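FYI, it's all coordinate maths here, none of it is from the lab. For clarity, every value in this text was computed on a predicted model and none was experimentally measured. Please note: Cβ atoms are built from the backbone with ideal geometry, for glycine as well, and neighbour counts cover all protein chains shown.
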Amino acid sequence: MCHRALLAGVEQASMEETAECSEAVGVDVLVHVAGGFELSEPVSTLNRESWMRMTDLNAWSLVAVTQHLVPAMLVQGAGKVVAVPARGAASGAAEM
């Protein structure tokens, strides 16, 4: 079961499978490097669906992974979560 949870990823493995796996093998560090950007309409015409798609891709993906693995870190009394943001977020540009 542990291998299935690791290979499937948290979206396909059940919360119970992922939690059992992370507690069985331990989790020392979670590094979140997923995310992305989609050029879309200007903010003055931005629709909610576009905003939510970007929020899900970047912010919610961190929450979804973290909520599955942090409980194992709490059980073992230690662990780190590292979120690596997009380089472009550090310096905005026109039409982003």
- When Met54, Met73 are ordered from fewest to most other Cβ atoms inside 10 Å of their Cβ, what list results? Met54, Met73
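Let me check I've understood the local charge: for Thr55, count other residues with C-beta under 14 angstrom from its C-beta, Lys and Arg +1, Asp and Glu -1. What total comes out?
In short, -1.
Among Leu57, Leu39, what is the fewest-to-most ranking by other Cβ atoms within 10 Å? Walk me through the numbers on the way to the answer.
Working: Leu57 14, Leu39 6.
Going from least to most buried by this count: Leu39, Leu57.
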- Message: Run the numbers for Leu46 and Val84: contour at 0.36 nm per residue of separation, minus the present Cα-Cα distance, in nm.
- Response: 11.1 nm
